[in-house]
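Heads up: the structure comes next, in structure tokens.
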Amino acid sequence: MEEKMLMKGNEAIGEAAIRAGCHFYFGYPITPQSELTAYMAKKLLKMKDAVFVQAESEIAAINMVYGAASTGVRAMTSSSSPGISLKQEGISYIACAELPCVIVNMQRGGPGLGSIQPGQADYFQATKGGGHGDYHLIVLAPSSVQELVDLTMDAFDLADKYTNPAMILGDGLIGQMMEAVEFKERKKINLPDKEGWTLTGCKGREKKYIVPFNLDPYEMEKLNLKIQEKYNKLKEKEVRYETVNLDNADLIIVAYGIVARIAKTVMSNAKKEGINIGLIRPITLFPFPEKIIAETSEKVNKFLVVEMSMGQMVEDVKLAVNGKAEVNFYGRVGGVIPTQSEILTEIKKYLK
Amino acid sequence: MKKVFESPKSLTKDPFTYCPGCHHGIAHRLVAEALDEFGVREKTIGVCPVGCSVFAYVFFDCDMICAAHGRAPAVATGIKRAKPDSIVFTYQGDGDLASIGTAEIVHTANRGENITVIFINNAIYGMTGGQMAPTTLVGQVTQTSPYGRDPKTMGYPIKVAEMLSTLKGVAYISRVALSKPAYILKAKKAIRKAFQSQIEGKGFSLVEILSTCPTNWGLSPIEANKWLEENMIPYYPLGEFKTPEEVS
Amino acid sequence: MAKILIDEERCKGCELCIPACPKHIMVMAEYFNKKGYHPAKQIKPEECTGCTFCAITCPDVAIEVYK
């Protein structure tokens, strides 16, 4: 059955997570994602066999997720930029232990305590590992409240499928805004059995252990290679993106999340002035949609990457374009959202 | 003749990797005996720390997970909340529990998480090579207090059992030592009470175990036992600090 | 009648069983085990009461006791 509701982004994530079978939430308040923590408290504390813990810190929260995930349940934590920095140690352990879980980052302006307005300056942290060691998260970047719902549910499936932590990388704006959302009936997908690795007590079997280390460097290298294999598979099978008006475009905007929505307004306004703009919107930031960007750079020779950062995703775009087109960048930071008119002015600079 | 003493089932046959005379082995055995005696091995999940006992996952014959330094109580919270019928214990050293993991241990105790914490206090960091721990005694020489711990700049040794026993969520706390058979027998009783408290759902339990680190103290195992009794016990008195009436 | 069995290869020669024994019949052997330690050895086995003090003190769980 389909239900349509008007929901705030942060609360929509919570509802989506619960409907995806995540009944274990561990969090710590931080603006601008606190509504999600509050939503989980309101719902889970009333549910049978569900757990909500307000942890003493973000560090504790991610480690509670680590513990809960080791028993095979779907577990989640959420925070915003400074809090996500605190979680990095735990995330690295979870990635090394190959446990599934979902982490939500509703980014705000940084660095430091930064601001409480939306930002996208955690792109490097989210997509390149974030903590120590060679690992990646599966990073999903929603650009509407509906997509927050759909991608949150997908994040749990992908995390289970690849036994790897997945991150919803939103921003303070998308978390705070209200839109109509539908909780669609989802088709059942086959996910790998968790029994092989879950800790349940050793009744009727040999003991199992989860240890995110190996002091034998050759064994540790093997573990790294095994994890890398998963990332290769992700790159091959799970890349997602949206494209708009790529054919005959004078310039391609590459933007994700809320900025991609602003870019769509830019496109229609530009059209009125006779400027033809295309858009590539990465939905998975890891794995990054490099192929479509590379292919497009064969046909269109001007790119503009727009981010709420000093230029982070633009590096991945440049790697994908590999010198075949001109890649420009426009960014606003610290919690400032770029306006469509600023972006259009920027575009005109490059189309002179 | 009947066998009256043997290695408990909850220990694997793997020889311990600890230094000669180190008390970790005794503590491991006592925990394993308690798991055997309560018949809970098959539903136990242990959380090992970072430090010398990071290898505890090899030695305990039950499901085990390794936590990041100091985070074992948070990991144990996640496990116990997800599987309330399991028996969950953490095994932590003094650097792990009383330094980097103070927030986790205080709040896990304060929430009254129904888990058991085995806390090894040997007044020094073992695995990293003998640095000052939060429990290092005043005047004690370590790699990072080479002129002795000076409380003016390094603070005083933390009394974990006393500190945590002020928290309402705590069901059972005691401090024991392992330097002679009489103490070991008492330690065994305390560990049993701690697990019993968990099995009966009474809430958070912790046993602080005064232990030796002969290697980093620069003493023979026998001298180390003597040093523990002469220096640690006067500062860290043995005994029960909190007991639920029903657990006795 | 009591007796102990020492797993000499587990023993690390820490000597903690020596003061633990109320009958003073624990010593270290003169030979080495494979790890290079002098393993624990019981002298005058007839005096052993099977009190288990050596075993409960042993950090390496290297002693079994029969009674």
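Is it fair to say B:GLY78 is surrounded by 23 or more Cβ atoms within 10 Å (Cβ to Cβ), under 23 Å from C:LEU5 (Cα atoms), modelled with pLDDT of 95 or more and within 7 Å of another protein chain (Cβ to nearest Cβ)? Give the steps one after another, and end with the answer.
On the way: surrounded by 23 or more Cβ atoms within 10 Å (Cβ to Cβ): yes; under 23 Å from C:LEU5 (Cα atoms): no; modelled with pLDDT of 95 or more: yes; within 7 Å of another protein chain (Cβ to nearest Cβ): yes.
Spelling it out, it is not the case that B:GLY78 is surrounded by 23 or more Cβ atoms within 10 Å (Cβ to Cβ), under 23 Å from C:LEU5 (Cα atoms), modelled with pLDDT of 95 or more and within 7 Å of another protein chain (Cβ to nearest Cβ).
Picking from A:GLY133, A:GLY90, which residue would you name as being modelled with pLDDT of 95 or more and either in contact with a His (Cβ under 6 Å, 6 or more places away or on another chain) or on the phi > 0 side of the Ramachandran plot (or both)?
Details: A:GLY90 fails: either in contact with a His (Cβ under 6 Å, 6 or more places away or on another chain) or on the phi > 0 side of the Ramachandran plot (or both).
Answer to the check: A:GLY133.
Of all the strands (runs of 3 or more DSSP E) wholly in region B:144-248, which have at least 3 residues that are open to solvent by less than 10 Å² (accessible area, probe 1.4 Å)?
On the way: elements: B:170-177, B:204-210, B:239-242.
By residue number, B:170-177, B:204-210.
What do you reckon, is A:SER70 closer than 30 Å to A:PHE183 by Cα, modelled with pLDDT of 95 or more, of a type in the set (Gly, Ala, Ser) and open to solvent by 20 Å² or more (accessible area, probe 1.4 Å)?
Details: closer than 30 Å to A:PHE183 by Cα: yes; modelled with pLDDT of 95 or more: yes; of a type in the set (Gly, Ala, Ser): yes; open to solvent by 20 Å² or more (accessible area, probe 1.4 Å): no.
It is false that A:SER70 is closer than 30 Å to A:PHE183 by Cα, modelled with pLDDT of 95 or more, of a type in the set (Gly, Ala, Ser) and open to solvent by 20 Å² or more (accessible area, probe 1.4 Å).
May I ask you to verify whether A:ILE275 is outside any strand (DSSP E or B), crowded, with 16+ Cβ neighbours inside 10 Å and either touching a Phe, Trp or Tyr at 6+ places or on another chain (Cβ under 9 Å) or outside the structural domain of A:ASP150 (by TED's automatic domain parsing) (or both)? Before you say what the answer is, go through the steps one by one.
Values: outside any strand (DSSP E or B): yes; crowded, with 16+ Cβ neighbours inside 10 Å: yes; either touching a Phe, Trp or Tyr at 6+ places or on another chain (Cβ under 9 Å) or outside the structural domain of A:ASP150 (by TED's automatic domain parsing) (or both): yes.
Answer is yes for this residue.
Which residues, taken from region A:322-335, are in contact with a strand residue (DSSP E or B) (Cβ under 9 Å, 6 or more places away or on another chain) and either surrounded by 15 or more Cβ atoms within 10 Å (Cβ to Cβ) or outside the structural domain of A:SER309 (by TED's automatic domain parsing) (or both)? Steps first, answer last, please.
Let us first name the residues in region A:322-335 that are in contact with a strand residue (DSSP E or B) (Cβ under 9 Å, 6 or more places away or on another chain), namely A:325-333, A:335.
Correct list: A:ALA325, A:VAL327, A:ASN328, A:PHE329, A:TYR330, A:GLY331, A:ARG332, A:VAL333, A:GLY335.
Given (1) over 19 Å from A:LYS194 (Cβ atoms); (2) free of Cβ contacts under 8 Å to residues at least 40 places away in the same chain; (3) within 11 Å of chain B (Cβ to nearest Cβ), where does A:LYS42 come up short, assuming only one miss?
(3)
Of the residues C:MET1, C:MET26, which single one is at pLDDT 95 or above and either facing chain B (nearest Cβ under 8 Å) or within 25 Å of B:THR212 (Cα to Cα) (or both)?
Working: C:MET1 fails: at pLDDT 95 or above.
C:MET26 is the lone residue from the list that is at pLDDT 95 or above and either facing chain B (nearest Cβ under 8 Å) or within 25 Å of B:THR212 (Cα to Cα) (or both).
Quick check on my filter: what residues within region A:202-233 are in contact with a helix residue (DSSP H, G or I) (Cβ under 7 Å, 6 or more places away or on another chain) and over 17 Å from A:GLY133 (Cβ atoms)?
Across region A:202-233, the qualifying residues are A:CYS202, A:LYS203, A:TYR209.
Could you go through region A:211-230 and let me know if any residue there is of a type outside the set (S, T, N, Q), under 27 Å from A:ALA255 (Cα atoms) and at pLDDT 95 or above. Walk me through how you get there before you give the answer.
Let us first name the residues in region A:211-230 that are of a type outside the set (S, T, N, Q), namely A:211-213, A:215-223, A:225-227, A:229-230.
Cutting the leftovers down to under 27 Å from A:ALA255 (Cα atoms) gives us A:230.
Checking which are at pLDDT 95 or above leaves us with A:230.
Within region A:211-230 (the criterion being of a type outside the set (S, T, N, Q), under 27 Å from A:ALA255 (Cα atoms) and at pLDDT 95 or above), the answer is yes, since at least one residue qualifies.
Restrict the check to region B:155-174 and report whether at least one residue is over 24 Å from B:ALA103 (Cβ atoms) and touching a helix residue (DSSP H, G or I) at 6+ places or on another chain (Cβ under 7 Å).
At the first step, the residues of region B:155-174 found to be over 24 Å from B:ALA103 (Cβ atoms) are none.
Scanning region B:155-174, I find no residue that is over 24 Å from B:ALA103 (Cβ atoms) and touching a helix residue (DSSP H, G or I) at 6+ places or on another chain (Cβ under 7 Å), so the answer is no.
Considering only residues that are at the interface with another protein chain (Cβ under 8 Å from one of its Cβ atoms) and either among the charged types (D, E, K, R) or within 14 Å of B:GLY126 (Cα to Cα) (or both), which ones fall in region B:81-101?
B:ARG81, B:LYS83
For region C:31-67, which residues satisfy the criterion of being part of a loop (DSSP other than H, G, I, E, B), within 7 Å of chain B (Cβ to nearest Cβ) and open to solvent by less than 20 Å² (accessible area, probe 1.4 Å)?
Scanning region C:31-67 gives C:GLY50, C:PRO59, C:ASP60, C:VAL61.
Please determine, by comparing only the residues of region C:11-30 that are without any contact (Cβ under 8 Å) to a residue 12 or more places away in the chain and either among the charged types (D, E, K, R) or part of a loop (DSSP other than H, G, I, E, B) (or both), which one is farthest from C:THR57 (Cα to Cα).
C:GLU30
Counting only residues that are in a helix (DSSP H, G or I) and either open to solvent by 10 Å² or more (accessible area, probe 1.4 Å) or touching an Asp or Glu at 6+ places or on another chain (Cβ under 9 Å) (or both), how many does region A:294-320 have? So that I can check it myself, show each step before the final result.
Initially, region A:294-320 is screened for residues in a helix (DSSP H, G or I), giving A:294-299, A:313-320.
From what is left, the residues that are either open to solvent by 10 Å² or more (accessible area, probe 1.4 Å) or touching an Asp or Glu at 6+ places or on another chain (Cβ under 9 Å) (or both) are A:294-295, A:298-299, A:313-320.
Adding up the residues that qualify gives 12.
Residues B:GLU230, B:GLU240, B:GLU200: which one is modelled with pLDDT of 95 or more and touching a helix residue (DSSP H, G or I) at 6+ places or on another chain (Cβ under 9 Å)? Walk me through it before giving the result.
Values: B:GLU230 fails: touching a helix residue (DSSP H, G or I) at 6+ places or on another chain (Cβ under 9 Å); B:GLU200 fails: touching a helix residue (DSSP H, G or I) at 6+ places or on another chain (Cβ under 9 Å).
Going through B:GLU230, B:GLU240, B:GLU200 in turn, just one is modelled with pLDDT of 95 or more and touching a helix residue (DSSP H, G or I) at 6+ places or on another chain (Cβ under 9 Å): B:GLU240.
Tell me which residues, restricted to region B:103-118, are more than 10 Å from chain A (Cβ to nearest Cβ) and open to solvent by 10 Å² or more (accessible area, probe 1.4 Å).
Result: B:GLY112, B:ASN114.
The values are calculated or read from the model by the stated rules, or taken from the named source; none is laboratory data. Please read these numbers as outputs of a predicted model, since none were measured by experiment. Positions of Cβ are generated from backbone atoms using ideal geometry, with glycine treated the same way; all protein chains shown enter the neighbour counts. Ligands, DNA and RNA are excluded from the accessible area calculation, which covers all protein heavy atoms including side chains. Shrake-Rupley method; radii C 1.70, N 1.55, O 1.52, S 1.80 Å.
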